[in-house]
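Note sheet for the following structure.
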Amino acid sequence: MDEVTWAALTAALTALGAAWTWYAFRHRGVASGLRGAGLTLLPPAAWLTGTMEMFTRIGGAVSSWATGLVLSPLVWAGIVLAGLSVVLLGTSSALRSRARGVTSDDRPKRGLPASSQGKGEPALGDDDLGDVEDILKRHGIT
């Protein structure tokens, strides 16, 4: 769009905003009228700073990207391949764990040092949890 078209669009939006502002002042009160005046000033500000053209270019780029995403068989093939990749990686991990003979019960628990696993000794930081447990017990939460 050329400069004249942007100026015409700005003038039309500003005229509509001015009409709404006048209506709002007359029928809805000062607060609504001031809000309308603030909104009326946005199109000329966007035109003067060049952001109106920028936003339409961004909108057009997003629109063409979304259209290509939805309608392109190549894009859908890529999505299917990505999903297949995730399934294969997950299956490989499960098979590798099973081949080693490691079950979920054999894996060390996070946050527990190896020396205290299964011995009933408190791990580092468990005294903090003891304070939390005491507070929960005082409030009747178990």
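Throughout, read-outs are computed from the coordinates displayed, never taken from laboratory work. Note that the structure is a prediction, hence the values are computed from the model and not measured. With ideal geometry, Cβ positions are generated from the backbone for all residues, glycine too; neighbour counts draw on all protein chains shown.
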* Structure fact -> For the range 21-32, in residue order, the Karplus 3J(HN,Hα) values (coefficients 6.51, -1.76, 1.60; θ = phi - 60°; whole Hz; Gly and Pro = x) are 4, 4, 4, 5, 4, 6, 10, 10, x, 5, 4, 5
* TYR23 versus ASP134, label points 7 Å from Cα toward the beta carbon: distance in nm? -> 6.7
* Structure fact -> Given a Förster distance of 41 Å, the FRET efficiency implied by the Cβ-Cβ spacing of PHE55 and SER85, rounded to the nearest 0.05, works out to 0.65
* Spin-label model distance (nm) - ILE141 vs ARG100, 7 Å beyond Cα toward Cβ -> 3.6
* To do: Take the alpha carbon gyration tensor of the range 1-69, find the square roots of its eigenvalues, order them as a ≥ b ≥ c, and report rounded if a/c is under 1.5; if not, report prolate when a/b exceeds b/c, else oblate.
  => prolate
